[in-house]
Amino acid sequence: EPEAHLHPNSQRTLYRQLSEIEGQVIVSTHSPYIVGAADVSEIRVIQNNDGKTTVFQLSDNWTDEELRKLQREVVHSKGELFFSKAIVLSEGETEEQVLPVLFEHYFEYDPYTMGINFVGVGGNGARYLPYFKFANELGIPIFVFSDGELRVVNELKKYYEIVFGVGSFNGASNIQILDNTDFEGYLFENGYEGVIENAITAVGEDKVDHWMSSRQGSKKGQRKVPDSRCDTCEQDSREDVLRDYSIEGGRRMAMKEILDSSKPKYAAAIVAEFCTRPADEMPSKVKDLFNSIKTTLS
């Protein structure tokens, strides 16, 4: 294990030197930096399950573009995934920050000590595909915590079934899908509005009342005017949409805007607020995800 006592940059340098030696060189390592310096075709993952040793490697069933994405998004920047006992994928940066801390609060132990890695894919369903193929071919259990918008779910289903087979998506216990909303919307719709407002207040900036009073009547965007077209450009006419927090749900709308203004900052505050409460009070979809992971790894 050549990483012993070596700085990460030295580990990468050493790997390049070893790879230039004539003949075959076998390197045993637990270092994500050494793994990140290797080509995916060179990597073998060895697992010992119930006294049986199994060697995994990536297949040849990858397009050049998929391999480039894998090398860039996983091998070079997330080499620790090769050592995972489970990988949890989510779409947004809020979930990537929130879920590991809530996991520790729920079970009272760090998920990383169990080899559980949380990854925000940060995009559409196609961004899931390299991770699905990677986990499937290396024998690593995969879990998904997904937004529930129809487009997102359809894309997720498409790419999941490309890897795991037609019909594998519906009812899969390793997938938790929010109900027609994103994570912040799910919290609002399931009685956690107080958690969110306390989190916003704790940050100490842009309190909800101040946000509403300073932005009431400001321009929010534009919308088409029904049955109205410009005679000159022959385009649909549009009108400004103004913020109105006096309507029902206006305070919630303001809080959603505050969260969207800086998701990483408020994600940390939401986590801190949840951690002041009993673990059993966290959202049911989150608990279902965590219990599924624990059952799989038991």
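The values are calculated or read from the model by the stated rules, or taken from the named source; none is laboratory data. On a predicted model such as this, the values are computed, not experimentally measured, just so you know. When we count neighbours, we look across all protein chains shown, and the Cβ atoms used for this are built from the backbone with ideal geometry, even at glycine. Ligands, DNA and RNA are stripped out before the accessible areas are found, and what is left, the full protein with its side chains, is counted by its heavy atoms. Shrake-Rupley method; radii C 1.70, N 1.55, O 1.52, S 1.80 Å.
Tallying residues that are closer than 19 Å to Glu73 by Cα and either in a helix (DSSP H, G or I) or of a type in the set (Asp, Glu) (or both) within segment 25-51 yields 10. Applying a threshold of 7 Å to beta carbon distances and a minimum spacing of six or more residues, or different chains, the list of pairs starting in segment 247-265 at a residue that is in contact (Cβ under 8 Å) with a residue 40 or more places away in the chain and ending at one that is open to solvent by less than 70 Å² (accessible area, probe 1.4 Å) and outside any helix (DSSP H, G or I) reads Arg251/Tyr245; Ala254/Tyr245; Ile258/Asp206. Looking across segment 85-94, just one residue is within 25 Å of Ser298 (Cα to Cα) and open to solvent by 10 Å² or more (accessible area, probe 1.4 Å), and that is Lys85. Looking at segment 10-24 only, could you name the residues that are loosely packed, with under 12 Cβ neighbours inside 10 Å and either outside any helix (DSSP H, G or I) or in contact (Cβ under 8 Å) with a residue 12 or more places away in the chain (or both)? Selection gives Arg16, Glu20, Ile21, Glu22, Gly23, Gln24.
Of the residues examined, Phe169 is not one that is open to solvent by less than 30 Å² (accessible area, probe 1.4 Å), assigned to a helix (DSSP H, G or I) and either out of contact with any helix residue (DSSP H, G or I) (no Cβ under 9 Å at 6 or more places or on another chain) or at negative phi (or both). Every test in (1) under 21 Å from Leu129 (Cβ atoms); (2) open to solvent by less than 90 Å² (accessible area, probe 1.4 Å); (3) without any contact (Cβ under 8 Å) to a residue 40 or more places away in the chain; (4) of a type in the set (D, E, K, R) is passed by Arg72 save one, and that test is (2).
Out of Gly115, Gly122, one residue alone is open to solvent by 20 Å² or more (accessible area, probe 1.4 Å) and either touching a residue at least 60 places away in the same chain (Cβ under 8 Å) or in contact with a helix residue (DSSP H, G or I) (Cβ under 9 Å, 6 or more places away or on another chain) (or both). It is Gly122. Of the listed requirements (1) loosely packed, with under 12 Cβ neighbours inside 10 Å; (2) modelled with pLDDT of 85 or more, Arg215 misses just one: (1).
The set of residues in segment 134-166 being assigned to a helix (DSSP H, G or I) and either closer than 20 Å to Gly115 by Cβ or open to solvent by 50 Å² or more (accessible area, probe 1.4 Å) (or both) consists of Phe134, Ala135, Asn136, Glu137, Leu150, Arg151, Asn154, Glu155, Lys157, Lys158, Ile162, Phe164.
For Asn198, the criteria (1) open to solvent by 50 Å² or more (accessible area, probe 1.4 Å); (2) over 30 Å from Val88 (Cβ atoms) hold in every case but one, which is (2). When you scan segment 39-55, do you find a residue that is at pLDDT 90 or above and among the small types (Gly, Ala, Ser), even just one? Taking every residue of segment 39-55 in turn, none turns out to be at pLDDT 90 or above and among the small types (Gly, Ala, Ser).
Number of residues in segment 37-58 that are more than 22 Å from Thr13 (Cβ to Cβ), within 28 Å of the chain's Cα centre (by Cα) and open to solvent by less than 70 Å² (accessible area, probe 1.4 Å): the value is 4.
The set of residues in segment 263-298 being hydroxyl-bearing (Ser, Thr, Tyr) and surrounded by 13 or more Cβ atoms within 10 Å (Cβ to Cβ) consists of Tyr266, Ser292, Thr296. One residue stands out among those in segment 172-191 that are assigned to a loop (DSSP other than H, G, I, E, B) and open to solvent by less than 30 Å² (accessible area, probe 1.4 Å): the one that is nearest to Glu96 (Cα to Cα), which is Asp182.
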